[in-house]
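The values are calculated or read from the model by the stated rules, or taken from the named source; none is laboratory data. These numbers come from a predicted model, not from an experiment. So basically every Cβ, Gly included, is an ideal-geometry build from the backbone, and we count neighbours across all protein chains shown.
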Amino acid sequence: MHLTRRQALAAVAAAPLAFAGEPRRRPRVAVVYTACFHRSHAHVILENFLTPFLFNGKITQPAVEVVALYADQRRAPGKWSDLTDDILRRFKLPLFTTIEGALTLGRKELAVDGVVSIGEHGDYGTTRFGVHQYPRKRFFDEIVAVMRRANRFVPIFTDKHLSYRWDWAREMYDTCQKHRIPFMAGSSVPLAQRRPEMDLPANCAIDEAVSIHGGPFEIYDFHGLEVLQAFVEARKGGETGVTHVEFLPGNRLFQAAQQGRWSPDLARAAMRVEFGAKLPDITRPINGVEPWGILVTYRDGTKGTMLKLGYSGTRWNFACRLTGERTPRVTSHYVGPWRNRCLFMALSHAIQQFLVTRQSPYPLERTLLATGVVEAAVRSRAAGERLETPHLNIAYQPRDFRALREMGESWKILTEETPETVGFAERPLRR
């Protein structure tokens, strides 16, 4: 890669300063978010960027320095209690009225080494399909515009899937490829502790896989699909892409099971990890909640199914059957105490490592594919039919991200009996 003199000088100016015998300074990061209130994504990510947190049982200091904030929405009476003022007071951080201001620290040139974009929660409209129109693409465009002007591209993390629109998601991916922008996105759930601990053997052949969650439409379907993808991408030959996606409600879901299109026995095996001998009847509404499913057909013939069964914000179960094996491989994802809040410690650690190394722990293509599948499922639900997905011809090789997964040591310190703290209050991080 050949640099012009101007590019070389800009790179030197942007590099973290280090003097003889002194440690290299932490990368400076701007955080851009929609809204911040207790248990919002901005809160549960930012608390691990501003204060020490636990990762695999060790007290971990933030690896980056937050130097600027941008909040898209503030104070919504009757909807949420804004934490932004608390952040400004406790941590003495500047809040800017524009994304450009946050990235330049109010000056003319890009002044940060990385950007965290959290486009989840807040008071935004919905599409005709009932999907939240979170401004992740707008955030991305404004962030990249500052980098383009500076001719310097720093790492960007964007929370969850890329966009509610496929064309925007693909454009974000292509922009990063064009400018070689280090980019990380995706779900927090694949980083959670697996109970029981389970890793698929290298180059295994998967006949069928099932991922199960208990949350709302679309926003939790994405997590369930990334859990599915985090396992099946490791099959022999790597990821091949998806040819068809179909959303199936209640009765149609189990009619498809009778036709052999997905395996209820595999789903029961996944649920048995959570319920043991008290397994509920998955063919009926659990706690009065109607089930649904998303059937994913991969280009290499692998069958994938994502199910919503019952209502639980912490239900993340998985099962798959390998070729030649009768007993399925099963696990669940334990998110720690305080419901899903502590799950974000592992994600925050992974984001910080990405911002330091400029290398995503797992392929961006995983999130691009999961984004496309959930968007196709939304359209399939509205159309009431199976959809062909030639645009999801996305092949990639997986990466080993075990070093960034929570293995359970943190939950010997923070337990289910530990009282949850509110906002940015100090957390109990020692035994």
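The table below lists the values:
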{"read-out": "Selection from region 143-167 of residues that are under 21 Å from the mean Cα position of the chain (by Cα), crowded, with 18+ Cβ neighbours inside 10 Å and not in a loop (DSSP other than H, G, I, E, B)", "value": "Ile143, Val144, Ile156, Phe157, Thr158, Asp159, Lys160, Trp166"}
{"read-out": "Residue match in region 403-418 (condition: more than 20 Å from Asn48 (Cα to Cα), in a helix (DSSP H, G or I) and acidic (Asp, Glu))", "value": "no"}
{"read-out": "Considering residues of region 177-190 that are in contact with a Ser or Thr (Cβ under 6 Å, 6 or more places away or on another chain) and more than 21 Å from Ser312 (Cα to Cα) only, the residue surrounded by the most Cβ atoms within 10 Å (Cβ to Cβ)", "value": "Ala185"}
{"read-out": "Single condition Lys137 does not satisfy, out of (1) of a type in the set (Lys, Arg); (2) crowded, with 20+ Cβ neighbours inside 10 Å; (3) over 17 Å from Arg170 (Cβ atoms)", "value": "(3)"}
{"read-out": "Residue that is nearest to Glu388 (Cα to Cα) [pool: residues in region 268-286 that are free of Cβ contacts under 8 Å to residues at least 40 places away in the same chain and in a helix (DSSP H, G or I)]", "value": "Arg268"}
{"read-out": "Strands (runs of 3 or more DSSP E) within region 301-388 that include 3 or more residues surrounded by fewer than 19 Cβ atoms within 10 Å (Cβ to Cβ)", "value": "312-322"}
{"read-out": "Condition broken by Tyr124, with the remaining ones in (1) touching a helix residue (DSSP H, G or I) at 6+ places or on another chain (Cβ under 9 Å); (2) surrounded by fewer than 19 Cβ atoms within 10 Å (Cβ to Cβ) satisfied", "value": "(1)"}
{"read-out": "Selection within region 239-267 - part of a helix (DSSP H, G or I) and among the hydrophobic types (A, V, I, L, M, F, W, C)", "value": "Leu253, Phe254, Ala256, Ala257, Leu266, Ala267"}
{"read-out": "Of all residues in region 218-245 being within 22 Å of Glu388 (Cβ to Cβ) and of a type in the set (A, V, I, L, M), the one that is surrounded by the most Cβ atoms within 10 Å (Cβ to Cβ)", "value": "Leu225"}
{"read-out": "Search result, residues across region 85-137 that are among the basic types (Lys, Arg) and either modelled with pLDDT of 95 or more or in contact with a Gly (Cβ under 9 Å, 6 or more places away or on another chain) (or both)", "value": "Arg89, Arg90, Lys92, Arg107, Arg128, Arg136, Lys137"}
{"read-out": "Qualifying residues in region 263-304 (those that are out of contact with any Gly (no Cβ under 6 Å at 6 or more places or on another chain) and of a type in the set (Asp, Glu)) - the one farthest from Thr331 (Cα to Cα)", "value": "Asp300"}
{"read-out": "Residue match in region 390-413 (condition: surrounded by 14 or more Cβ atoms within 10 Å (Cβ to Cβ), over 22 Å from Val227 (Cα atoms), touching a residue at least 24 places away in the same chain (Cβ under 8 Å) and over 19 Å from the mean Cα position of the chain (by Cα))", "value": "yes"}
{"read-out": "Residue tally, condition of a type in the set (D, E, K, R) and touching a residue at least 60 places away in the same chain (Cβ under 8 Å), over region 150-185", "value": "5"}
{"read-out": "Given (1) surrounded by fewer than 24 Cβ atoms within 10 Å (Cβ to Cβ); (2) at pLDDT 95 or above; (3) not charged (D, E, K, R), index of the condition Leu248 fails", "value": "(1)"}
{"read-out": "Of all residues in region 191-214 being buried (at least 24 other Cβ atoms within 10 Å of the Cβ) and among the small types (Gly, Ala, Ser), the one that is nearest to Leu266 (Cα to Cα)", "value": "Ala209"}
